[in-house]
Amino acid sequence: MEWDWEFVHQIMPTLLEGLQITILATILGAAVAAAVGLVFAILRMVAPRPIARATSFAVEFIRGTPLLVQLYFIFYVLPDIGIRLPALVAGVIGLGIHYGTYAAEVYRAGIENVPRGQWEAAKATNLTARQTWIHVILPQAIPPMIPALANYLIAMFKETPLLSAITVLELMNQAKSIANSNYRYIEPMTLVGVFFLIMSLISVFFLRWLEERYARVDER
Amino acid sequence: MSEPIIRIDNIVKRYGPLTVLDGLSMEVLPGEKLALIGPSGSGKTTILRILMTLETISDGFIQVDGEQLYHMKKAGSLIAADERHLHKMREKIGMVFQHFNLFPHKCVLDNVTLAPMLTKGIARAAAEKRAMELLDMVGLADKAKSMPAQLSGGQKQRVAIARALALSPKIMLFDEVTSALDPELVEEVLNVMRKLAAETDMTMLLVTHEMGFAHDFADRVLFFDRGKIVEEGKPADIFRHPKQERTQTFLRKIIAAGHRV
């Protein structure tokens, strides 16, 4: 077994195409997770009790089952009831909903960590509910959330190879098909690892920076 | 004799099975300085929180400045107040908290200007001018750009007083405003309040364990125990010649605990 730079050169364009899809799926998945998480968090915090309970159950259910199973369900089972989604869309929805449950928990903790006195001070200075959220609660709740959210973003990025199971042509899937058709695994798989490592290292430095910037604890 | 600015009529406050206020009635005249004293759990802080609409009442009526606080007229009958009515009523009332509750992400100046700009639509320049006057009054004009975390407890509380005053309420509620302070910082806050009492005709309700201050500050003292007013009167009468046994016991304990009268 020998490392073949010629082969590397030859497969690089295809792998980079895959990397693009991986990054795209991560970004879209993160956007969906951020929005879905917000909906979950709000439902759990302010909806009438039966709806809040149902949401809590759904969140536990989603977290308690593997992402891979959920992806199969969205891509291969939903068509049985007439919902046919392109692979990438199914993948983004799967990632988004799965990580949305984690985002919801981060939101909830962030908001509940704002002391009750802040709500009371806002009321005593006669701010409306909207003004209280925008000017008092969210500016205090969001900064401590950022490192935790970024952590999940990195975790989600590293889980995108699961999308290869539902035919999304992301990095892992491209590498696999190159390997299968050329009977050479060492170069494509090594490169997949290297790509992920580079991206993760960049993310980790970024995360450190975010933590230093936002995670300090303010007094009330 | 003028009309009371606050008229509390037979209010009941329950938390689950616990009844905190049980048919309480009292009146406060415009400009009056009232001290509410009593053991913890006697309901005195609850009254301030109810007036600030931080708590709701289980039963009864409260009239503030000629209008019902928790009720409003609709088609001739009295119904529960909606958020809009409460919002309008809150304009009349300001509150200073035991734990200051400054907005930690905003500088001192922004703490004071935030609400006037948002709730009264006052332009930034005008709001800042007024805020600087108030900060000057509480002796903190030089701290306008500081963040709350950089201030001592006494300074924070003085900013909180300026923040409440910036909305020009008719009634100010002070909820144990010196209880969370180190002893050496108590006096600077009390001095601001003395100045305020002397210079304005605002109605002030004060819940306190500082008996000496209550004595000097208040026109009238109410002694609370178990959700009821046990005794009320002029400070000199309540502190020197309490009639009720429960008042006597309470004052004895407070003095034994090292508070001066």
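The values are calculated or read from the model by the stated rules, or taken from the named source; none is laboratory data. None of the values given here were measured: they were computed from a predicted structure. Virtual Cβ from ideal backbone geometry, glycine too; neighbours counted across all protein chains shown. These area figures cover heavy atoms from the full protein model, side chains too; ligands, DNA and RNA do not enter into them. Shrake-Rupley method; radii C 1.70, N 1.55, O 1.52, S 1.80 Å.
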I'd like the residue in the stretch A:40-74 that is touching a residue at least 60 places away in the same chain (Cβ under 8 Å) and of a type outside the set (Lys, Arg) and, out of all such residues, is most open to solvent (accessible area, probe 1.4 Å). A:72
So is residue A:130 part of a helix (DSSP H, G or I), within 14 Å of chain B (Cβ to nearest Cβ) and surrounded by fewer than 18 Cβ atoms within 10 Å (Cβ to Cβ) or not? yes
Unique residue being surrounded by fewer than 17 Cβ atoms within 10 Å (Cβ to Cβ) and in contact with an Asp or Glu (Cβ under 9 Å, 6 or more places away or on another chain) when the list is B:73, B:88, B:33, B:92: B:88
Across the stretch B:176-204, what is the number of residues that are under 21 Å from residue B:151 (Cα atoms) and in contact with a strand residue (DSSP E or B) (Cβ under 8 Å, 6 or more places away or on another chain)? 3
Residue A:160 - would you say it is in contact (Cβ under 8 Å) with a residue 60 or more places away in the chain and at positive phi? no
The correct count of residues that are assigned to a strand (DSSP E or B), open to solvent by 20 Å² or more (accessible area, probe 1.4 Å) and more than 18 Å from residue B:231 (Cα to Cα) in the stretch B:8-30 is 4
Find the residue count for the stretch B:31-48, including only residues that are in contact with a helix residue (DSSP H, G or I) (Cβ under 9 Å, 6 or more places away or on another chain) and not in a loop (DSSP other than H, G, I, E, B). 4
Among the residues of the stretch B:116-126, the number that are in contact with a helix residue (DSSP H, G or I) (Cβ under 7 Å, 6 or more places away or on another chain) and crowded, with 17+ Cβ neighbours inside 10 Å is 4
Find the strands (runs of 3 or more DSSP E) located wholly in the stretch B:162-261 whose residues include 2 or more that are open to solvent by 70 Å² or more (accessible area, probe 1.4 Å) and out of contact with any Cys (no Cβ under 8 Å at 6 or more places or on another chain), and list them. B:228-233
Could you list, in sequence order, all residues of the stretch B:137-161 that are surrounded by fewer than 17 Cβ atoms within 10 Å (Cβ to Cβ) and either under 17 Å from residue B:196 (Cα atoms) or hydrophobic (A, V, I, L, M, F, W, C) (or both)? B:139, B:141, B:149
Looking at the stretch B:103-119, is at least one residue touching an Asp or Glu at 6+ places or on another chain (Cβ under 8 Å), more than 15 Å from residue B:167 (Cβ to Cβ) and facing chain A (nearest Cβ under 7 Å)? yes
What pairs come up if the first residue lies in the stretch B:1-17 and is within 19 Å of residue B:205 (Cα to Cα), the second is part of a loop (DSSP other than H, G, I, E, B) and open to solvent by 60 Å² or more (accessible area, probe 1.4 Å), and their beta carbons are under 6 Å apart, counting only those six or more places apart or on different chains? B:2/B:30; B:5/B:30
Among the residues of the stretch A:113-122, is there at least one that is surrounded by 13 or more Cβ atoms within 10 Å (Cβ to Cβ), of a type outside the set (A, V, I, L, M, F, W, C), more than 14 Å from every other protein chain (Cβ to nearest Cβ) and part of a helix (DSSP H, G or I)? no
